[in-house]
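Enquirer: Pasting a structure here, questions to come.
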């Protein structure tokens, strides 16, 4: 089974559609993501503002009442300090506070143990509002040592007015009522500024509890209030009231976020936090309550704040996803339909590619790119059929010519002596030659033979290449044999060949030649250089006075010869420009300098080794490039007996 | 004991209600002698909590019944302490810390330890803001007004720390509000309550008496010698059944916690399951002798001697109280 990726790669319509959908999706996701983010932020901000406003209003109301209590206490406290001589007046003051302030539940004006000698160890004037009546008593006794109570000691030790933590008051049946009380306590000092007792005013916090509990900005939100010790004084779960602190859960399992919230509230900070409460992602907005050390918080489940937003987000996301899917399907369908002719064309092209050039192409009336392509393809099919036919003929012709050229090459190669050692019976002659045409047939030549103890030899290079040059080469080589065998000197041989070749030379072809004749007994060399590359002797270019013109250029004039007395034990190398001008793929020439260095380093080698070494060097230099000219080499060394 | 957020917190009982309570208790006292041989009232020294789990188990699982005693557990109130009930003969047994018991004996009320449950001292000093309590010479330190903490007073004198003791009724609000620098606490109770107020506690700001040469046993069950002499067999059976209760509690902590929570709810004690679980674990841990690693249920003569020496040294006891004086022999 083929993978979807394979299908994707193969189907242009799917590929195009997917790209369109991906691009659309990127644009949509970016835009929607940005919108969602901004909206979410705005909703959060709105919720925060809303909650903050509610908290602000609540704390303002609460603070106003708490302040009333503080003012009432302050209004009495100076009276106490002034009338310390009459302890019984404390009952009046304690009662009067309740009479003047209907909000208040109780008031104690309590003194240090044995402060009033006449009253004994305990003296605390206590008034309590109960069922609308005010009862006043002295409340200290051995079972109720008020001076160990928080409300008494807190302001004494801290030396400032304080609110106690809220507590539950008894009801007459000895069971705790739901009435939550908090006391505002202030140190009483004598005229010397010495602490002598505490005035404590009790405020029922039922209203506070109700006020805070009623704060419910969202359907599932709720409000809490904690004291300085983290104890819950307002909480929707009544089992937690007074019994649990905000940290209780963290003792059972670690919850750093909750602990951090608790600490922030204890520090009297105001703010917003996001954390998981009772397994629900929630936002908590918190604010301290005046200078009580208590803190109020609204806990809003995230789902409440972002409920509508989340629903909208989900709906939009689903719609977008569905829309993209639909877009993909529609795109695939439209593009497939549009590309149908192209597919048919592709199928037909496949058939044509197999060689069925006569296969009819589908008719297309379209004028768009696909129609044009179809038309062009049809034209191409026709031209292709014609071309193939032409090619068949040309190929047949070429094969015939190649065959003939092969025969021509064989004939040409048979014209030059190719069996080495050339003179098996003459160990004094070390001669080796090779000819490599650049094409099937070439325009280079060499020849040698021994006659009357003289060795005649030549190396030539006909102008041009290929068949014309090869024909000219054949004529030249035959002429050399015929003329040289008559015992002429090299310059005479050159003169005679020139006469014959330049006559009726309408093609203006010519040949450069080096013709030599060695007396095998003395080693004396006569030679004539007719415009040919200067040969090397013992690795040095020969000093040639008369270079002469190439043979076949014009009839007039003699050729001049030169001689060397004794070439025995000397290495003579004659070559054509196929060696020095051999090119590599970068069109760099082999070069005469390199040739000279190579030959100078090969004086100890025999002729065959020298030729093979040079052939290898040229092959290596060409580095795979096709030969640019025919290459002919001839090396001769006469050995003394 | 020493519950800080319980009934004793802040509350100011009205006069009427105290009177009613007294009347009710007098009535009990009147009825008691009628069934004296079989019936017994046991009053732990504090409101219901896991500190007394073993006794609840012994009652609920019928261990006392099996021992032939009809035990009633009556808890004290803020105005009517366990010792008051013992003195008045309304209760026949109570739990006391060793130091407390020695103080009472020294004051002329002979007591007999019929069962020792604690093998280790649980008292700690916790100081504010990560300070080492030993480096706070002259600091204001909270102490229970009802008279625990004898060892702390000895330690303050012996180590020349000269703490200023601030007696508090029964809770930690003074400490939380910053009115005192440090407070005494029990490792099974106030210690966890402090943790519950969000206070960071570390080895740095917690001083454990047991680690500084003050490892004196605490809770044990006591009777007046007078009652004990007349009811030796009942005392032995009560102690044995209570011990069974504790051993069962150690083996079944989950079920025990359920029983504790039942008592806690019935008496409206301001605590919660988390705190009670921690308390139960710690109380059970304190019952393991440090050296043997076992629940030994015995008073250690060396610890009695240590406590006596310390308290005589700091003039909290008028004379040495011996191991023999506190035991059945």
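Derivation of every value follows stated rules applied to the coordinates shown; laboratory data play no part. Just so it is clear, the model here is predicted, and its values are computed rather than measured. Cβ atoms come from the backbone with ideal geometry, glycine included; neighbour counts cover every protein chain shown.
Enquirer: Pick out which of B:156, B:187, B:202 has the largest mean-square fluctuation in a Gaussian network model of chain B, springs linking Cα atoms closer than 10 Å.
Expert: So, out of B:156, B:187, B:202, the one fluctuating most is B:202.
Enquirer: Calculate, in nm to one decimal, what residue A:597 and residue A:609 gain on full extension: separation in residues at 0.36 nm each, minus their alpha carbon distance.
Expert: Values: separation 12, 0.36 × 12 = 4.32 nm, distance 1.56 nm.
Here the segment from residue A:597 to residue A:609 would lengthen by 2.8 nm.
Enquirer: Would you look at the GNM of chain B, springs on alpha carbons closer than 10 Å, and say which of B:243, B:129, B:298 moves the most?
Expert: B:129
Enquirer: Further, regarding this structure: Please report A:612, B:294 as a ranked list, fewest other C-beta atoms within 10 angstrom at the top and most at the bottom. Don't jump to the answer; show the numbers that get you there.
Expert: Working: A:612 14, B:294 10.
With the fewest neighbours first, A:612, B:294 line up as B:294, A:612.
Enquirer: Separate question: Rounded if a/c is under 1.5, else prolate if a/b beats b/c, else oblate: with a ≥ b ≥ c from the C-alpha gyration tensor eigenvalues square-rooted, which is the stretch A:209-304? Present the calculation step by step, with values, prior to reporting the outcome.
Expert: Values: a/c = 1.23, a/b = 1.02, b/c = 1.21.
It comes out rounded by the Cα gyration axes.
Enquirer: Roughly how far apart, in whole Å, are the Cα centres of the stretch A:8-72 and the stretch A:228-287?
Expert: That distance is 25 Å.
Enquirer: Determine the relative contact order of chain A: mean sequence separation of Cα pairs under 8 Å and six or more apart, normalised by residue count, in whole percent.
Expert: On the way: 1058 pairs, mean separation 54.7, N = 641.
Answer for chain A is 9 percent.
Enquirer: Mind giving me the FRET efficiency for residue B:202 and residue B:291? R0 is 35 Å, r the Cβ-Cβ distance, nearest 0.05 is fine. If you can, show how the numbers build up before the last one.
Expert: Numbers: r = 27 Å, r/R0 = 0.78.
That gives a FRET efficiency of 0.80.
Enquirer: By how many degrees, between 0 and 90 and to the nearest 10, does the Cα long axis of helix A:369-415 differ from the longest principal axis of chain A?
Expert: 40
Enquirer: Something else: For chain B, with a Gaussian network of springs between Cα atoms less than 10 Å apart, report the residue from B:130, B:62, B:213 with the top mean-square fluctuation.
Expert: Evaluated over chain B, the most mobile residue of the options is B:213.
Enquirer: Shifting gears a bit: Against the longest principal axis of chain A, how steep is helix A:302-353, in degrees 0 to 90 to the nearest 10, with axes from Cα atoms?
Expert: That works out to roughly 20 degrees.
Enquirer: Now for a different question. Can you sort B:246, A:78 from fewest to most other Cβ atoms within 10 Å of each residue's own Cβ? Write down the numbers at each step before the final one.
Expert: Values: B:246 22, A:78 10.
In order of increasing Cβ crowding within 10 Å: A:78, B:246.
Enquirer: If you take the square roots of the eigenvalues of the alpha-carbon gyration tensor of the stretch A:83-208 and sort them as a ≥ b ≥ c, do you get rounded (a/c under 1.5), prolate (a/b over b/c) or oblate?
Expert: Details: a/c = 1.59, a/b = 1.44, b/c = 1.10.
Since a/c reaches 1.5 and a/b is larger than b/c, the shape of the stretch A:83-208 is classed as prolate.
Enquirer: Can you sort A:27, A:518, A:416 by how many other beta carbons sit within 10 Å, fewest first?
Expert: Numbers: A:27 10, A:518 26, A:416 18.
Going from least to most buried by this count: A:27, A:416, A:518.
Enquirer: Length gain on complete extension for the stretch residue A:338 to residue A:453, per 0.36 nm per residue less the alpha carbon to alpha carbon distance? Before the final figure, lay out the partial values.
Expert: Working: separation 115, 0.36 × 115 = 41.40 nm, distance 9.14 nm.
Full-extension gain reported as 32.3 nm.
Enquirer: Here's a follow-up. Hey, what angle do you get for helix B:15-31 against the long axis of chain B, alpha-carbon based, 0 to 90 degrees rounded to 10?
Expert: Compared with the principal axis, the helix lies near 40 degrees.
Enquirer: How many angstrom separate the Cα center of the stretch B:38-61 from the Cα center of the stretch B:207-231?
Expert: Each part reduced to its Cα centre gives a spacing of 17 Å.
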